[in-house]
Amino acid sequence: MSNAPIPLRVAKTLLNALSGGVVPRTGLGHITVGRKDEIDALLHDIESIQVGGASFRFIVGKYGAGKSFLLQAIRNYAMDKGFVVIDADLSPERRLTGRSGEGLATYKELMKNLATKTSPEGGALALLLQRWVSSIKTEVMKENLIESDDSSLNSLVEIKIFQVLDEIQTIVNGFDFAKVISLYWKATVNEDDELRNRTLKWLRGEYATKTEARSELGVGVIISDDDWYEYVKLLALFVVRAGYKGMLMIVDELVNVSKISHSVSRQYNYEKILTIYNDIMQGKAQYLGVLMGGTPQGIEDTRRGLFSYEALKSRLESSRFSDSHTRDLLSPIIRLKTLEPTEMYVLIEKIEQIHGQVYTYEPKLTPDELAFFVKSEYARVGASQNITPREIIRDFIQVLNLILQNPQKNMKNILGGDDFEYSSANDDEEQIHDEFKGFDV
């Protein structure tokens, strides 16, 4: 959790995203509360990736429970640690595989969102390659004790590049991948922007036919719907050679696979997940972490969900020894539990500070008012397992907006007034549940 002052631009971005019910891409450290056990488990995975290992996790939570928030928080942490991160949300047009290139569409989205610490918003593929060339130049200059204007530098760098790429060529699809990388180097030396753009086009999976790629690059293969994951593995190895710690691939909205109406297409997608899962768990990938986010229904539904594919169900279903009170955070599936009321109190306290910064006022809600709000939120659903952080956050920002524009009003008369409407569809007021009667601030 970050205690540093929040830049105004970041504060505005946070508030806009939270009020709109979406997860902000930046500044998450300023509002992260709870999830310590889950975060610790994922950070342990990142440490393993950094030393050449690989990991695969499913993050499971219902809509609004904080699943995407946790994924973005880990994304930001990984970038800060020197990782390259690629991420994409699945949709009807983006799947893991499909007859009309839906799997390749996901790969393209991953490449578009390729991000590093210095380019956290994505689009960092070209910068990554430039860094790789620069790092090799620096290494060669140190090894040979020469300056940047030495006439032998380029030839020595080329030798070094081919030594590095030799390691990659032995891997499946590595020869063509290495050839494209070497073409990028030649384009850099010759200041050939057209060739450089063609290599980036190939790496982004944008060549439609092998003929086109052969004509423009002399490479007889293209990244396709069937083999895009193999190139993700190659890229993970390459980024380490470029000076990064490893690569994290995040795929969210896995529920869209369960929504595929055609059962055969749905099964092909689950088979692709199984392939990636087996590949990583068997140690066939290095410096690569995979996180997939989904809802409980999208995972556990035995008719359409992930568990409808028996090979995945047998690998992923919970042990009979674990329950809601005895969780196994070392298993492939991390199920998010509901945030405690005290954690929600801390969260809304932080949000009030951000709201005050954005709208230039001194936060004045008392601890009793904040506690009253949290109790009211949990009471209206009647049970702690039904509330989500998204609902509470949106309601709280709405209350702050109303108080800001109507100074004569306070927390209690807004929550009881006709001008306030809860985010949830359930508007019935219920008695506060016994477990919240002892809520202490």
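Points worth noting:
- Filtered residue count, the range 226-258, keeping only those that are outside any helix (DSSP H, G or I) and over 16 Å from ARG99 (Cα atoms): 13
- Selection from the range 63-110 of residues that are over 18 Å from GLY122 (Cα atoms), of a type in the set (D, E, K, R) and surrounded by fewer than 19 Cβ atoms within 10 Å (Cβ to Cβ): GLU93, ARG99
- Taking every residue in the range 352-371 that is in contact (Cβ under 8 Å) with a residue 24 or more places away in the chain and outside the structural domain of LYS409 (by TED's automatic domain parsing) and pairing it with any residue that is loosely packed, with under 11 Cβ neighbours inside 10 Å and of a type in the set (A, V, I, L, M, F, W, C), at least 6 positions away or on another chain, yields no pair with a Cβ-Cβ distance below 9 Å.
- Output for the range 14-37, where each listed residue is touching a residue at least 60 places away in the same chain (Cβ under 8 Å) and under 21 Å from ILE393 (Cα atoms): LEU14, LEU15, LEU18, SER19, GLY21, ARG25, THR26, HIS30, ILE31, VAL33, GLY34, ARG35
- Some residue of the range 33-40 being outside any loop (DSSP other than H, G, I, E, B), farther than 26 Å from GLY246 by Cβ and of a type outside the set (Phe, Trp, Tyr): no
- If you check VAL33, VAL60 for being hydrophobic (A, V, I, L, M, F, W, C), closer than 22 Å to ARG390 by Cα and touching a Gly at 6+ places or on another chain (Cβ under 8 Å), only one passes: VAL60.
- Test: THR116 is hydroxyl-bearing (Ser, Thr, Tyr) and either touching a residue at least 40 places away in the same chain (Cβ under 8 Å) or touching an Asp or Glu at 6+ places or on another chain (Cβ under 9 Å) (or both): yes
- Per-region count, the range 147-196, residues farther than 27 Å from ILE223 by Cα and out of contact with any helix residue (DSSP H, G or I) (no Cβ under 6 Å at 6 or more places or on another chain): 8
- The residue that is surrounded by the fewest Cβ atoms within 10 Å (Cβ to Cβ), among those in the range 192-222 that are in contact with a Leu (Cβ under 7 Å, 6 or more places away or on another chain) and over 22 Å from GLU109 (Cα atoms), is LEU195.
- The residues on offer are SER224, SER319, and the sole one that is outside the structural domain of PHE177 (by TED's automatic domain parsing), over 30 Å from GLU167 (Cα atoms) and either at pLDDT below 95 or among the hydroxyl-bearing types (Ser, Thr, Tyr) (or both) is SER319.
- Members of the range 52-75 found to be modelled with pLDDT of 90 or more and in a helix (DSSP H, G or I), listed by number: LEU71, ILE74, ARG75
- The lone exception for VAL189 - which of (1) buried (at least 18 other Cβ atoms within 10 Å of the Cβ); (2) among the aliphatic types (A, V, I, L, M); (3) in the same structural domain as PHE162 (by TED's automatic domain parsing) it fails: (1)
- Checking each residue in the range 269-299 for being farther than 23 Å from ALA54 by Cβ, assigned to a helix (DSSP H, G or I) and either of a type in the set (Gly, Ala, Ser) or in contact with a helix residue (DSSP H, G or I) (Cβ under 9 Å, 6 or more places away or on another chain) (or both) picks out GLN297, GLY298.
The values are calculated or read from the model by the stated rules, or taken from the named source; none is laboratory data. Since the structure is predicted, the reported quantities are computational estimates derived from the model, not experimental observations. Cβ coordinates were reconstructed from backbone atoms using ideal geometry, including for glycine residues, and neighbour counts include every protein chain displayed.
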